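**Student:** I have a structure here, written as structure tokens, and I will follow up with some questions on it.
Derivation of every value follows stated rules applied to the coordinates shown; laboratory data play no part. Just so it is clear, the structure is predicted and the values come from calculations on it, not from any experiment. In this analysis, Cβ positions are derived from the backbone assuming ideal geometry, glycine residues included, and neighbour counts consider all displayed protein chains.
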Amino acid sequence: MKVLRSFALWCVALLAVVVFSIALRPSGSGTLARTQHLETLVRCPACDDLSVAVSNATSAIAVRHEIATKVRQGQSDNQILTSLESVYGTSILLSPPSSGLGVLLWIVPLLVVVLLIVSALRLARRR
Amino acid sequence: MKRSIMLSSLAAIVVVVALSLFLATRHPVLGATEAPSPLLGKAAPQLSGTKLGGGTWSLKSELGHVVVVNFWASWCGPCRVEAPELSAFAWQERNKGVDLVGVVFNDSLSAAAAFAAQYGSLYPSVVDPGGVIANRYGITSPPTTFVINAKGVVEATLLGPVGAKQLEGVVAHVKATS
Amino acid sequence: MTLTWLGRVCLYVSFVGTLGGVIEQLRALRQHRTSRAIRWAALALVGIVAAVGVMEFALITHNFSLAYVAENNATFTPLLYSITGMWSALEGSLLLWVLLQSVITFGVLYYYRRDRGDAVVGWATTVLFGIAAFFTLLMMGPADPFLHNAALVHQGAGPNALLQDNPLVAAHPPFLYLGFVGFSVPFAFAIAMLITGRVQDRWPLEQRRWTVLAWGSLSLGIVLGAWWSYQVLGWGGFWGWDPVENAALLPWLTATAYIHSVIVQDRRGLFRVWNLSLAIATFALTILGTFFTRSGVLVSVHAFSSSTLGPLLIGLFFVVVISGAGLLAWRGDRLRAPVGVDHPLSREGLFVANNILFVGFAIVVLLGTVFPLLYQAVNGTQVTVGTPYFASVAAPVSILLLVLMAIAPLVSWRSADARVLWSRTRVSAWAATLTIAVLLIVGIRRPAELAAVFLAVLAAGAALRTLRGALLAAIRRGSWRSAVRAPATGGMIVHLGVVILAVGIVTSTTYVTRTEVTLATGQSTVIDGQLIGFSGFRNVSDALRSATQLRVSVDGHRLLPAVTTYNGRNGQTVGTPAIDSNFTRDVYVTFEAVGGNGSTSGAQVRNNLPAGSVVLGVTVEPLLAWLWLGGLVIGLGSALSFFRRRYNDEVTT
């Protein structure tokens, strides 16, 4: 019983801390945060795999300006990414489209997890 | 229990066979970088000489065509990968007003001839004794490719091995803007 | 012509040594006698050492009669970069690979010289000889490092600029290759154990010993690579999920799973098939990684120039996996342990979860890496799989791994008792909760950071508790020093290193700030609490390079970010970042542009700024140095783990 009480006490303390952290969480919905987030999703046109958020190539700076302008104009994330894609090609996005073949990239991890859990359970059941 | 190990081994083998076949049939990605060069926008320097297989070639007689000039050497690794691509490009563009010529850079005649025979002989290559042409074009390291428009002006300089697709793109751009 | 001839002869000698080794081992196995293969290994080693000597001699004396030297060296290349030039490009890097492979083959034969008649050693070394022979053949054929340069060149092209502006080029590849080559040993032993059917007694632990050595080297190699990229690439980051980086990560993931899983085999004889599969998979992924790096099919800033090696390396990959899977299918059922896992939340059960996480993550990273190739084959268009995808998979995996690190060392074998677990975790749990409460109060509130620190304290607590237990047990036995060789000591120290690394990664990426600031000469400003000042230009020029440096001060320390043009390869211009580093934060300064029309050494010009002013890129990353500290601790821990006692030995010592 003592163990249960000390565990419960700790759970309460942790819960309190978690509640506070959620309440005090810095807001991430300003336009600046949105722009910065979008910048991490777009590849610098002259680089192989750096995003425009971190690259200082001239083309990267140009794309950053474009994103900032479009965010100010009120375009949605999807609209901005699609318009960039039409100018620079699909490879400008650092994450492939989730439609078409890209769906594999999300299904396979899930499949792998399911497969491995199943095999682990079979291992456990064998006595 | 033996069956489950058999099954997973079989599955692994199938996946690996498919993956291996797929990867073994991929082509290397070639990428040349467009470089700023003092020749851009200026008339191309004189380029004429004896071809590797005999005969002569001169840039002046190609006015009206887009000319791609590729400096290469037999001791240059990336040139070996690039040569088949250039051959393919030369063949597909042969009647479309685009000419491809190679220039041997700092190499012995026998080695260069052997290289051309082995890797890409669908386009002519000019020998450059004394490196005179290389000096005029400012070459220090092959492979370097220049694209000269129909009026004889240098429009693009590419450093590194260039692939057929990339070259197509650059040549199309040059044709469109000249 | 002489150097070409000499180098090639040395390679032929080495090849004869490896071939002789294979033949001698096979004959010894068939005739059931002691093998004399160590002499062949010595011959192979002498051959490759001589070949390396020839290449280094050519590089150091700038002998351009070798095409490789003409492409990767120049008369003004400094000694260090001439030496490292051997592994700066494809053909030479194979020399390093075969050198390490021959050293390891000889090392294994020497280490087990008293077991020369043992079939497991016999088969294992046969495989090692075979691998060395393959890579030597590559150099005798398509990737000839001693190709003669027919032209009389007086000057070489020099190494790539990014390979000659930081001394880490001397550290990263050797450690990395030692890791890759090292994984051939557990693979060889796995094949040997499968062929002979002997998966028990001492061999699994011996196999693990070599894996720990290779794993430790690879970990150090990867961290050194990250540090090197960080220092030279100019974007302030250390990992880009680039195909070649992933190529090094994949075998590391399966090797980590293997190192953990084999503990269970040592203790309870379980997971034999899993462990053999992991050992085979690790080496297979090493070869696949080599393929990505050397075939040129994937675009990468780290890749070697494309070559014809691709199909040959895939061939080896194919042989490795087919032989491994085939042997497993043939022998697998005989190896299965008679008992199973008693409870999913027992120590064994958590190790199963560990295996699942690492292998699953490896599969996903592999898929992400080859996906652009797949997409192009199917749809014809290019697509990029970059950081957003990999990070969104890595984040939950990392969280789960930290949870495992926090719980598994404290959970009992064979049973899961929540009460016992809580009594062992209580102190760490309170420490973790108090830590994030303090962080909240002082203003550190991003959820990612809080979660990471919470789990880090829990994981560190578990590690420290285990270490304390080992120390107390050793003291009770009368020798506190014997704690060093206790089974868990090395591993727990590695866990501490991982925790430090994890906190460093999360903090530096969550709280990174990037700013561009324009400063006139003599001006200073405050960015993110750091005082940045610019006091003037400084031009340096020597035979190797010419650079425009900026005199910058960060918090009183002098830095010289620059734009450097290296002579040689068409005057390649690169940015040279400057870093002010301490244990609380790194300030990363780059020379972005100069104002007016006075441009020197290739720096970008911004005409709308007054002349004499500069644009600096300033990136502030808190706790970034913890990555390198964490890596060091991981290296130390893995060195200790090499000397780990067997579980059974602990009772008798």
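**Student:** Stokes-Einstein D for segment C:1-104 at 4 °C, 1.567 mPa s, Kirkwood Rh over Cα pairs, in µm²/s?
**Tutor:** For the chosen part, D equals 89 µm²/s.
**Student:** Let me ask another. So, how do all the Cα-to-Cα distances of the protein assembly as shown break down into 20 Å bins, in percent, from 0 on up?
**Tutor:** Spelled out bin by bin, the protein assembly as shown gives 12, 42, 36, 10, 1, 0 percent.
**Student:** Here is a further query. Other chains' Cβ within 10 Å of C:376-387 residues: what's the mean?
**Tutor:** Other-chain Cβ atoms within 10 Å of each residue's Cβ, averaged: 6.
**Student:** Name the residue from C:THR509, C:LEU464, C:ALA543 whose Cα lies farthest towards the positive end of the charge dipole of segment C:430-580, charges +1 on Cβ of Lys and Arg and -1 on Cβ of Asp and Glu.
**Tutor:** Of the options given, the answer is C:LEU464.
**Student:** Report the equivalent ellipsoid semi-axes for segment B:21-138 in whole Å, largest first, defined as the square roots of five times the eigenvalues of the gyration tensor built from alpha carbon atoms.
**Tutor:** So the three semi-axes of segment B:21-138 are 24, 18, 16 Å.
**Student:** Dipole magnitude of chain C about its Cα centre, charges +1 at Lys/Arg Cβ and -1 at Asp/Glu Cβ only, in debye to the nearest 20? Let's see the in-between values first.
**Tutor:** Details: 44 positive and 28 negative charges, 488 e Å.
Taking the Cα centre of chain C as origin, the dipole is about 2340 debye.
**Student:** How large is the direction-averaged shadow of the alpha-carbon convex hull of segment C:360-406, in nm²?
**Tutor:** On the way: hull surface 13.6 nm².
Dividing the Cα hull surface by four gives the mean projection, 3.4 nm².
**Student:** With no solvent and one point on each alpha carbon, what is the Debye value of log10 I(q)/I(0) for chain C at q = 0.05, 0.07, 0.09, 0.10 Å⁻¹?
**Tutor:** Cα-only, vacuum Debye calculation for chain C: -0.26, -0.52, -0.85, -1.03.
**Student:** Here's a follow-up. Could you give me the percent of Cα pairs per 10 Å distance bin for segment C:384-538, shortest bin first, beginning at zero and ending with the bin that holds the maximum distance?
**Tutor:** Final binned percentages: 9, 27, 26, 18, 11, 6, 2.
**Student:** Continuing with this model, one more query. State log₁₀ I(q)/I(0) for segment A:69-114 at q = 0.27, 0.30 Å⁻¹ as given by the Debye formula over alpha-carbon point scatterers of equal weight, solvent excluded.
**Tutor:** Scattering profile of segment A:69-114, log10 relative to I(0): -0.96, -1.05.
**Student:** What is the total of Lys pairs in the protein assembly as shown with C-alpha atoms under 27 Å apart, excluding same-chain pairs fewer than 8 positions apart?
**Tutor:** The result is 21.
**Student:** Rounded to the nearest 20 debye, what is the charge dipole size of the protein assembly as shown about its Cα centre when +1 sits on each Lys and Arg Cβ and -1 on each Asp and Glu Cβ? Numbers along the way, then the final one.
**Tutor:** Numbers: 69 positive and 44 negative charges, 803 e Å.
My answer is approximately 3860 debye.
**Student:** While we're here: Can you give the relative contact order of segment C:1-94 as a percent, counting alpha carbon pairs under 8 Å and 6+ residues apart?
**Tutor:** It rounds to 27 percent for segment C:1-94.
**Student:** How big is the dipole moment of segment A:2-95 about its Cα centre under a simple scheme where the beta carbon of each Lys and Arg is +1, that of each Asp and Glu is -1, and everything else is neutral? Debye, nearest 20, please.
**Tutor:** Computed charge dipole of segment A:2-95: roughly 600 debye.
**Student:** If you don't mind, there's one more thing I want to ask. Strictly under 4.7 angstrom between C-beta atoms: which cysteines of the protein assembly as shown have no such partner?
**Tutor:** Those would be A:CYS11, C:CYS10, since no other cysteine Cβ in the protein assembly as shown comes under 4.7 Å of theirs.
**Student:** Another question, if that's okay. With viscosity set to 1.306 mPa s and temperature to 10 °C, compute the Stokes-Einstein D of segment C:452-570, Rh being the Kirkwood radius across alpha carbon pairs; µm²/s, no decimals. Spell out each step's value before the answer.
**Tutor:** Numbers: Rh = 19.2 Å.
Translational D for this selection: 83 µm²/s.
**Student:** Average the reciprocal distances over every distinct pair of alpha-carbons in segment A:2-95, invert the result, and give the Kirkwood radius in Å.
**Tutor:** Working: mean 1/r = 0.0636 Å⁻¹.
Answer for segment A:2-95: a Kirkwood hydrodynamic radius of 15.7 Å.
**Student:** Sorting check: for B:142-153, C:387-398, which peptide has the highest mean count of neighbouring beta carbons within 10 Å, and how do the rest follow?
**Tutor:** B:142-153, C:387-398
**Student:** Sticking with this one: First measure r as the distance between the Cβ atoms of C:ILE83 and B:LEU7, then evaluate 1/(1 + (r/R0)^6) with R0 = 51 Å and state the FRET efficiency to the nearest 0.05.
**Tutor:** Calculated value: 0.50.
**Student:** Can you give the calculated 222 nm mean residue ellipticity of chain B, where each DSSP H run of n ≥ 4 adds -39,500 (n - 2.57) and the sum is split over every residue, rounded to the nearest 500 deg cm²/dmol?
**Tutor:** Taking each H run of at least 4 residues, the total per residue is -12500 deg cm²/dmol.
**Student:** Which of C:GLY478, C:LEU400, C:PHE390 sits closest to the plus end of the dipole of segment C:385-480, meaning its Cα is farthest towards the positive end, when Lys and Arg get +1 and Asp and Glu get -1 on the C-beta?
**Tutor:** Value computed over the given set: C:GLY478.
**Student:** For segment C:57-183, what's the radius of gyration and Dmax over Cα atoms, in angstrom?
**Tutor:** 17.3, 55
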